[in-house]
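All remarks here apply to the structure that follows.
The values are calculated or read from the model by the stated rules, or taken from the named source; none is laboratory data. Since this is a predicted model, take the numbers as computed values, not measurements. Here Cβ is always computed from backbone atoms with ideal geometry, including for glycine, and neighbour counts include all displayed protein chains.
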């Protein structure tokens, strides 16, 4: 993270914190847990380790380990991030990042691409879901961490990076040269089914309210006033985004109250100013709807702005803030300049306007600072929200493929025999759920897939020749909609609740 990006992150987090909560003065926290005596003790322990351990010691890693251990003793939401880990976290809440446009995870020691963002350098170059990242700029990624790979892949806009991947079990490395650019993470998808609008909100990143407004504008232009808002599997995000979205649906009054432990942090109450709600609302929730999702759903439920359908939510009623931590040397330096103890670089920025250099930040801490309450005063941590209408969804996965995760075909290319791409994977997945004879979806248009496509075309009254032409892709997309609507009992219940309304 460059000094410029550190300063921008500080400004962003200060604004975000004020919207979400307020800020923390670390000095006060230190006094509560023993102040300088504990600090001296930890320093003495580290000195003992450095003096006696016979082996290589990286003092930076030692400090990071100590901080990780310290914050891991609290709740599951409090953690210390290295600078690389913090940058990845900030990307997830900011809604934009500069990179190549992929999401990946570690599976059995392999770094596998899970998602390729639309219109990204990665998609344009040909990287695919399932590719194994093996090289970045000719450097092996074997044995590295997710954070290290992220450091290599992220960079300045306009710079180039070469990514080497293994595909479909082959030992031959395929290399792609890509130019980094800004990637926008769109958290909303929407559609219209008859007289009912459907809005799926994946996460409350910084683009969330803007994206919801775009969806509502589409509904307004089409005369839609009945809305299904899908918060299932939404893990949360920024509190202020949940509040802004609530103001589109919740009638005038309290949305949520934030209560903080520290006297230096002002409790916050957020309100809606909506005189007359425009939409009839059904909200879909499940066990993975958490945090900011529960703030929004709780406000809708308590105010009668809509009906919750699904299963009980996760139950996360705690709030976290992110704070940059100075190195010991930087802490001493700025403490002498300003007087007193300064550990939190955000505190330094607020007090003096000074932003530390890159090497003066050891990492960032995400720490639980308070709790939130629904308009009726409910604190749902560990409890969750009970839906107004309880509906379980049956399992809908075949051979490891979840029906809800299948993407629609884009109608850009027309795969035929022996072609290999994501469109084939999606087509095979749809055909599999529709009961056609295909092997486990694998991106390869083999003879069996061609025969299944040909049979699907015949059943649809189309020319039967086994090529995924655009007409066939459209028919498969319609089949996917039909499959989802027939198997998604929670969605069907929401539609049923709207039936008969004028």
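A few comments on the model shown:
Listed here are the residues, each with its yes/no results for (1) farther than 25 Å from residue 443 by Cα; (2) in the same structural domain as residue 100 (by TED's automatic domain parsing).
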position: 119; (1), (2): no, yes
position: 126; (1), (2): no, yes
position: 138; (1), (2): yes, yes
position: 145; (1), (2): yes, yes
position: 151; (1), (2): yes, yes
position: 178; (1), (2): no, yes
position: 213; (1), (2): yes, no
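- Every residue from the range 433-443 that is in contact (Cβ under 8 Å) with a residue 40 or more places away in the chain and either buried (at least 18 other Cβ atoms within 10 Å of the Cβ) or assigned to a helix (DSSP H, G or I) (or both): 433, 441, 443
- Set 163, 98, 142, 116: member being in contact with a strand residue (DSSP E or B) (Cβ under 6 Å, 6 or more places away or on another chain) and over 29 Å from residue 409 (Cβ atoms): 98
- Cβ-Cβ under 6 Å pairs, at least 6 apart or on other chains, the range 475-499 side outside the structural domain of residue 198 (by TED's automatic domain parsing), far side surrounded by 15 or more Cβ atoms within 10 Å (Cβ to Cβ) and assigned to a helix (DSSP H, G or I): 476/427; 476/430; 479/430; 480/430; 483/433
- Filtering the range 305-315 to residues that are touching a helix residue (DSSP H, G or I) at 6+ places or on another chain (Cβ under 7 Å) and either surrounded by fewer than 21 Cβ atoms within 10 Å (Cβ to Cβ) or not assigned by TED's automatic domain parsing to the domain that holds residue 232 (or both) leaves only 307.
- As a summary of the residue check, residue 193 satisfies the conditions (1) surrounded by 14 or more Cβ atoms within 10 Å (Cβ to Cβ); (2) modelled with pLDDT of 90 or more; (3) assigned by TED's automatic domain parsing to the domain that holds residue 213 except for the one numbered (2).
- Any chance residue 262 is without any contact (Cβ under 8 Å) to a residue 60 or more places away in the chain and over 24 Å from the mean Cα position of the chain (by Cα): no
- Condition met for residue 363 (assigned to a loop (DSSP other than H, G, I, E, B) and in contact with a strand residue (DSSP E or B) (Cβ under 9 Å, 6 or more places away or on another chain)): no
- The range 305-352: number of residues that are within 21 Å of residue 71 (Cα to Cα) and assigned to a strand (DSSP E or B): 10
- Of residues in the range 38-90 being at pLDDT below 85 and under 25 Å from the mean Cα position of the chain (by Cα), the one farthest from residue 147 (Cα to Cα): 90
- Qualifying residue in the range 181-194 (condition: part of a strand (DSSP E or B) and farther than 30 Å from residue 288 by Cβ): yes
- Residue within the range 287-295 that is on the phi > 0 side of the Ramachandran plot and surrounded by fewer than 18 Cβ atoms within 10 Å (Cβ to Cβ) present: no
- Sole exception among (1) out of contact with any helix residue (DSSP H, G or I) (no Cβ under 9 Å at 6 or more places or on another chain); (2) surrounded by 13 or more Cβ atoms within 10 Å (Cβ to Cβ); (3) at pLDDT 50 or above for residue 8, by number: (3)
- Screening the range 206-235 for residues that are surrounded by fewer than 23 Cβ atoms within 10 Å (Cβ to Cβ) and modelled with pLDDT under 95 and picking the one that is nearest to residue 295 (Cα to Cα) gives 235.
- Considering (1) buried (at least 19 other Cβ atoms within 10 Å of the Cβ); (2) modelled with pLDDT under 85, the lone condition that residue 501 does not fulfil carries the number (1).
- Being modelled with pLDDT under 85, touching a strand residue (DSSP E or B) at 6+ places or on another chain (Cβ under 9 Å) and surrounded by fewer than 22 Cβ atoms within 10 Å (Cβ to Cβ) is a condition met by at least one residue of the range 371-394.
- Looking only at the range 414-425, residues that are free of Cβ contacts under 8 Å to residues at least 40 places away in the same chain and closer than 23 Å to residue 119 by Cα come to 1 in all.
- Residue count for the range 456-488 satisfying the condition of being surrounded by 15 or more Cβ atoms within 10 Å (Cβ to Cβ) and assigned to a helix (DSSP H, G or I): 12.
- Residue check, residue 357 more than 22 Å from residue 387 (Cα to Cα), in contact (Cβ under 8 Å) with a residue 24 or more places away in the chain and surrounded by fewer than 21 Cβ atoms within 10 Å (Cβ to Cβ): yes
Okay, residues lined up against (1) under 30 Å from residue 241 (Cα atoms); (2) surrounded by 15 or more Cβ atoms within 10 Å (Cβ to Cβ); (3) in contact with a helix residue (DSSP H, G or I) (Cβ under 8 Å, 6 or more places away or on another chain):
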| site | (1), (2), (3) |
| --- | --- |
| 102 | yes, yes, yes |
| 131 | no, yes, no |
| 137 | no, no, yes |
| 141 | no, yes, yes |
| 154 | yes, yes, yes |
| 163 | no, yes, yes |
| 174 | no, yes, no |
